[in-house]
There are 4 protein chains.
Amino acid sequence: MTTIAILGATGYTALELIKILLRHPNAVITALTSREDTRSVGTVHPSLSGRLDLSLENLLPKEIANRSECVFSCLPHTASAKIVPELLSYGIKVIDLSADYRLDTAEIFETWYAEKHPDPDRLGKVPYGLPELFRNQIVGVNLVANPGCYPTSAILPLTPLIKTGFIEPSDIIIDSKSGVSGAGRKPKLSTLYPECNESISPYSVGTHRHTPEIEQIITTATGQKTTVIFTPHLTPMDRGILSTIYSKPLRPVVQNELLATLRHFYRNEPFVKIVEHLPSTKDVSGTNFVHITVRVVGNRIITVSAIDNLIKGASGAAVQNFNLMFNYPETTALI
Amino acid sequence: MTTIAILGATGYTALELIKILLRHPNAVITALTSREDTRSVGTVHPSLSGRLDLSLENLLPKEIANRSECVFSCLPHTASAKIVPELLSYGIKVIDLSADYRLDTAEIFETWYAEKHPDPDRLGKVPYGLPELFRNQIVGVNLVANPGCYPTSAILPLTPLIKTGFIEPSDIIIDSKSGVSGAGRKPKLSTLYPECNESISPYSVGTHRHTPEIEQIITTATGQKTTVIFTPHLTPMDRGILSTIYSKPLRPVVQNELLATLRHFYRNEPFVKIVEHLPSTKDVSGTNFVHITVRVVGNRIITVSAIDNLIKGASGAAVQNFNLMFNYPETTALI
Amino acid sequence: MTTIAILGATGYTALELIKILLRHPNAVITALTSREDTRSVGTVHPSLSGRLDLSLENLLPKEIANRSECVFSCLPHTASAKIVPELLSYGIKVIDLSADYRLDTAEIFETWYAEKHPDPDRLGKVPYGLPELFRNQIVGVNLVANPGCYPTSAILPLTPLIKTGFIEPSDIIIDSKSGVSGAGRKPKLSTLYPECNESISPYSVGTHRHTPEIEQIITTATGQKTTVIFTPHLTPMDRGILSTIYSKPLRPVVQNELLATLRHFYRNEPFVKIVEHLPSTKDVSGTNFVHITVRVVGNRIITVSAIDNLIKGASGAAVQNFNLMFNYPETTALI
Amino acid sequence: MTTIAILGATGYTALELIKILLRHPNAVITALTSREDTRSVGTVHPSLSGRLDLSLENLLPKEIANRSECVFSCLPHTASAKIVPELLSYGIKVIDLSADYRLDTAEIFETWYAEKHPDPDRLGKVPYGLPELFRNQIVGVNLVANPGCYPTSAILPLTPLIKTGFIEPSDIIIDSKSGVSGAGRKPKLSTLYPECNESISPYSVGTHRHTPEIEQIITTATGQKTTVIFTPHLTPMDRGILSTIYSKPLRPVVQNELLATLRHFYRNEPFVKIVEHLPSTKDVSGTNFVHITVRVVGNRIITVSAIDNLIKGASGAAVQNFNLMFNYPETTALI
């Protein structure tokens, strides 16, 4: 049994994490933190009423370490990297769901996040928690950078096709559609119900912080310098990301060849399903699965992927990493 | 042509009002106020891009009066009654969309709104702007209290049946379901998209401020002391109020008798449609219409009404009142 | 390990059932039937892609019995009771999710369902599968009538308060709001997306078939003749039932007394949570939990309950019954 | 006053058309047809209860001509072109909302629609009813091919930028997101509420029939052979189309240059708004407006457009064409 603390427990990511961990036979949640909120978790998240008898606490790293062997950090970027070094120093394992340890250099981080990185020396050494591509680096390790939601939806379909030389890696367009939960639980006008409902719109065109993450991870995973245009859209639904990805074939291809390549690449992966039909976000809602298909249209390869942004795009992946870090079966609590 | 100022122009009610007035052949909007926001109206409400060349301004009553012959106040309660007396003193006509002039006494106001009323002497003398019941009092008048959204949906179906002696007025249950726009445009957790979407819940059970308004207006309109239990629900949709109303017949009745009574009562009303089918909020969405039907089930009369909370429940009714106050045809810009 | 057949596997109830059973350590699905559809289950339900390697089959009762020890029937009413007797004759255990075995007499069935009952002699002898009230009758039994979704949401909050004498059992109004999945997966105009979205409306007012079920089960459970007025509403969401229930106290009561009674009654129930806040359907979405609260307003007790119509209102309850019938821990696969 | 018949009056397009025409001071609806439905229009479309006293009729072309001077055909493709020639022979003016007269040759029609064209000789001679590009051809004419919804959203932003030489016309990717009403009112599984809600998915990838329409009209309007990849997505909302369009600049450009070009091109158009912010479908919902913006990202120009698929994408455009054909002010009933 592993004792677990969740930092920043008021948001949607933490809520999903708690729900998954409550089903996990080898995990017990022993602390939930918040800088401001000290209410019971059932008050903060009414769906947990009567299911978990803990209140949120404003704890010091030392106190967290006294209570738990593993920390899931749902803190915002830079807040996470400010506390992670001390937690690691106590021998705690950490899964960081923020963006703090995903990028390889402080320079890129600071360019996109416009803040100084609090723990720059560790960058480039922390495994990126996408087990389908980096499992060996994750098993047993002490710190994992949990992937961003959009990156997961883009990296998984693109990597095999770039690696096997089907796709020109410098001319890729990723048109992504995300449910509103991806924008977090802090009240703001742009995610108010009557603003989002019955409406779809692009945002952060050309400036979204997941762009360098997608480029870096695919480049690392394939050995081919990859650049992308990434356009996220706010979609009137709670959850889900659908990415429709347009790329150029390096040579004439047909759909079946591409499907076969994807199937082979992910043949042993429990959470990746290569499907023939066009996927919907609903098909994977509430699960850790990724559905991927591919089409050839005119002079383009169109890959389509669907994930649940809060599960495979955040908390499900985090538990998948937890399982690998603690040598539990990888699918525990996730199927 | 009547010049118009809208006070508190950042919210949903003001937006609907502007859209209706832009179609009105006798109205021209000359001022939009906000205490804090000075952006162009097309920035505050992107749906108005290129349609109205005004910016929001923080104006004094005197300045408002210099620019307009009619004021629609979309200010919050008490803020409205603080400015209305001065506006009236300049000879301006005012339609107040807040709750400030709806209740008959400062005592009741202060009981339910927990604030001191800024203009208590005028209470009890301002016509309640439901033309279907109080048209004669509204024509040509200088100040109208625009009805609340829930009250409109409850008063219209109940009044004829109480007045004609079908319904016991002291034992009425109003179960109402409202779209989220009714909660306003100020960001708060309870109206965030991922909190409201895919969810319905009651709120303010036994404590909603529209309760005394419903009771007072029906009592006034029917001459029979009416008390109600009113339970509003937040429903995952932008707009619309459906009220399902349970009352006790004073004598055995059948559906057709009740339908005939309603049809006769509203036979000359352009916006009230007595229908045989069970109404949906969608049927009246974006319109100033009210759909009403009635059923007899067991020992209860069940009346059902549907309105658009922002139109017949707010801005459409306001323009209906404006038309009557300025002697324009009542349906102008509303059909 | 128990082998399981699901009859009528194309609908939403069957889909949820499959998802739950895939997590059940003691269940293995061995047959899925449909009279017309012979596609793979992953084609019929894309969310099951790669998760269950079965196709739908048109099987005879004998064939079903050869393949399974337990049958979940998701067939429509009367279709179920036509096949259940033969299945039972082979020693199979059956959980019937249709309405066929819920009512006590063929007469009542035929009044409300307007069809002749195919297996009238068994009526009145089949336990009603609400373990919170009838657990002892369910353990180890061969046939269970799985409750209707609306009845579950009404019976659970009302029974303790009627049984303990708080509520007048002959004057109860149940105003229920259900997500659209409750209307099934067969295409029809009334459940088309653009008809339901952004709209709420009542339906089957005074005529819904769950009315006699609610009355009979509460009467049985409390020993007090109960009659209700039941008004269902179609709500723009996938799942969830919220029931707002208005009843008359038999003596003066306060909220805490009622909450305490409910808490005591359900103190050992893993799936019933008595909460102080007003519940939302989202709080229980995707779970087998019921959230219940109560308020006293004027001369009425208002009880509010929230369930997931497809889980606690159908497939979750079915697995709860399965666990009891086969002596597995009752919460297996459900928490 | 012009008398109007609407053919195929049961669907969403006809409903919107009726709502707009009821506000039109120069139009009176005198006939509504359906091959099968003979109910009152208020029964078929409950939102029209008490607003239009007509029933649907199965009328011959001769009968239609006896009743009306103008016909809006909302019939399916090929059904429309079977009746249009006879209607024209009676001197009636026709706005055809089907795809029958949009494409220039029967060959292309038959390739994409897989049916023989019933009136091939007229193809290539019927004006395409996009007044912003083809106004001169529409004024006073007898037959107009009303544009498709997706094509409107793609042609308007692309045409000025291709015509002025900013965009390479052979390498364009159109990623469009449409509300569900675009799929029509005929019940089918794919547009059932619980299938579409909380889900986004692409469909008809590489095969959608609006592809040749977009290519042909832009080619005609710009004189430059245009080819596109067009990917539509079903989005969980009633209405709206958002098109995110990726194209290659023919020379280095900056955003302001492109915005200025678009503004100049549409400077006199009442319904086209070039905006700086990223548009949302909600901003134009229920209106005949188009909102367009543009960004330059990496080596791509990204144009974004938003329309209401049922208004500017169908019935609003149809009334705009009607106004031009009958010499009414173009914006009548549309602002």
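With the checklist (1) within 30 Å of residue B:286 (Cβ to Cβ); (2) in contact (Cβ under 8 Å) with a residue 60 or more places away in the chain in hand, flag the one item residue B:223 doesn't pass.
Going through the list (1) within 30 Å of residue B:286 (Cβ to Cβ); (2) in contact (Cβ under 8 Å) with a residue 60 or more places away in the chain, residue B:223 breaks only (1).
Going through the range D:191-212 one residue at a time, which ones are among the polar types (S, T, N, Q) and either under 28 Å from residue C:310 (Cα atoms) or not assigned by TED's automatic domain parsing to the domain that holds residue D:240 (or both)?
Correct list: D:191, D:197, D:199, D:201.
Just one of A:60, A:88 is in the same structural domain as residue A:102 (by TED's automatic domain parsing), of a type outside the set (Gly, Ala, Ser) and touching a Leu at 6+ places or on another chain (Cβ under 9 Å); which is it?
Just a single option satisfies the conditions, and that option is A:88.
If I filter the range C:297-335 down to residues being surrounded by 20 or more Cβ atoms within 10 Å (Cβ to Cβ) and of a type in the set (Ser, Thr, Tyr), which single residue comes out as nearest to the chain's Cα centre (by Cα)?
In this case the residue turns out to be C:315.
For residue C:282, are the conditions met, namely being assigned by TED's automatic domain parsing to the domain that holds residue C:179, basic (Lys, Arg), over 30 Å from residue B:248 (Cα atoms) and in contact (Cβ under 8 Å) with a residue 40 or more places away in the chain?
So residue C:282 fits the description; yes.
Residue C:43 - would you say it is free of Cβ contacts under 8 Å to residues at least 40 places away in the same chain and touching a strand residue (DSSP E or B) at 6+ places or on another chain (Cβ under 6 Å)?
So residue C:43 does not fit the description; no.
Filter the range D:232-250 down to the residues that are more than 10 Å from residue D:305 (Cα to Cα) and more than 10 Å from chain A (Cβ to nearest Cβ), then identify the one that is surrounded by the most Cβ atoms within 10 Å (Cβ to Cβ).
D:247
Return the pairs, sorted by first residue and then second, in which the second residue is surrounded by fewer than 23 Cβ atoms within 10 Å (Cβ to Cβ) and among the acidic types (Asp, Glu), the first residue lies in the range B:6-27 and is closer than 26 Å to residue A:197 by Cα and more than 14 Å from chain A (Cβ to nearest Cβ), the beta carbons are less than 9 Å apart, and the residues are 6+ apart or on different chains.
Listed by first residue and then by second, the contacts come to B:9/B:37.
Any idea which of B:56, B:21, B:17, B:32 is within 25 Å of residue D:287 (Cα to Cα), part of a strand (DSSP E or B) and within 22 Å of the chain's Cα centre (by Cα)?
B:32
Mind listing whichever residues of the range C:129-184 are among the β-branched types (Val, Ile, Thr), in a loop (DSSP other than H, G, I, E, B) and out of contact with any Ser or Thr (no Cβ under 8 Å at 6 or more places or on another chain)?
Within the range C:129-184, C:139, C:141 meet the criteria.
Residues are listed down the side, and each one gets a yes or a no for (1) surrounded by fewer than 16 Cβ atoms within 10 Å (Cβ to Cβ); (2) among the aromatic types (Phe, Trp, Tyr); (3) at the interface with chain B (Cβ under 10 Å from one of its Cβ atoms):
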| site | (1), (2), (3) |
| --- | --- |
| C:252 | yes, no, no |
| C:258 | no, no, no |
| C:261 | no, no, no |
| C:265 | no, yes, no |
| C:272 | no, no, no |
| C:282 | no, no, yes |
| C:288 | no, no, no |
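Is there any pair linking a residue in the range D:50-74 that is basic (Lys, Arg) to one that is buried (at least 18 other Cβ atoms within 10 Å of the Cβ), with Cβ under 7 Å and at least six apart or on different chains, and which?
Here the result reads D:67/D:5; D:67/D:31, each pair linking the range D:50-74 to a residue that is buried (at least 18 other Cβ atoms within 10 Å of the Cβ).
Could you check residue B:4 against (1) surrounded by fewer than 19 Cβ atoms within 10 Å (Cβ to Cβ); (2) within 29 Å of residue B:179 (Cα to Cα) and say which number it fails?
Going through the list (1) surrounded by fewer than 19 Cβ atoms within 10 Å (Cβ to Cβ); (2) within 29 Å of residue B:179 (Cα to Cα), residue B:4 breaks only (1).
Would you mind finding the one in C:176, C:190, C:199, C:204 that is touching a helix residue (DSSP H, G or I) at 6+ places or on another chain (Cβ under 6 Å), at pLDDT 95 or above and farther than 17 Å from residue C:153 by Cα?
Answer to the check: C:199.
Does residue D:293 meet the test of being out of contact with any Asp or Glu (no Cβ under 6 Å at 6 or more places or on another chain), farther than 17 Å from residue D:133 by Cβ and away from chain A (no Cβ under 12 Å)?
no
Cβ-Cβ under 6 Å, sequence separation 6+ or interchain: first residue in the range C:162-179 and within 10 Å of chain B (Cβ to nearest Cβ), partner of a type in the set (Lys, Arg). Which pairs?
Short answer, once both residue conditions are applied: C:171/C:248; C:179/C:239.
When residues of the range D:186-197 are filtered for being charged (D, E, K, R) and either more than 7 Å from every other protein chain (Cβ to nearest Cβ) or surrounded by 24 or more Cβ atoms within 10 Å (Cβ to Cβ) (or both), how many remain?
2
Can you tell me which of D:229, D:217 is hydrophobic (A, V, I, L, M, F, W, C), in contact with a helix residue (DSSP H, G or I) (Cβ under 6 Å, 6 or more places away or on another chain) and in the same structural domain as residue D:189 (by TED's automatic domain parsing)?
Unique residue meeting the criteria: D:217.
Only one of these is among the acidic types (Asp, Glu) and under 30 Å from residue C:289 (Cβ atoms): A:86, A:69. Name it.
Criteria check complete, one pass: A:69.
Return the total of residues in the range B:100-122 being within 18 Å of the chain's Cα centre (by Cα), in a loop (DSSP other than H, G, I, E, B) and more than 26 Å from residue B:266 (Cα to Cα).
1
Scan (1) away from chain D (no Cβ under 14 Å); (2) in contact with a strand residue (DSSP E or B) (Cβ under 6 Å, 6 or more places away or on another chain) for the single condition residue B:50 breaks and write down its number.
(1)
The values are calculated or read from the model by the stated rules, or taken from the named source; none is laboratory data. Quick caveat, the model's predicted, so the values are computed rather than measured. Cβ coordinates were reconstructed from backbone atoms using ideal geometry, including for glycine residues, and neighbour counts include every protein chain displayed.
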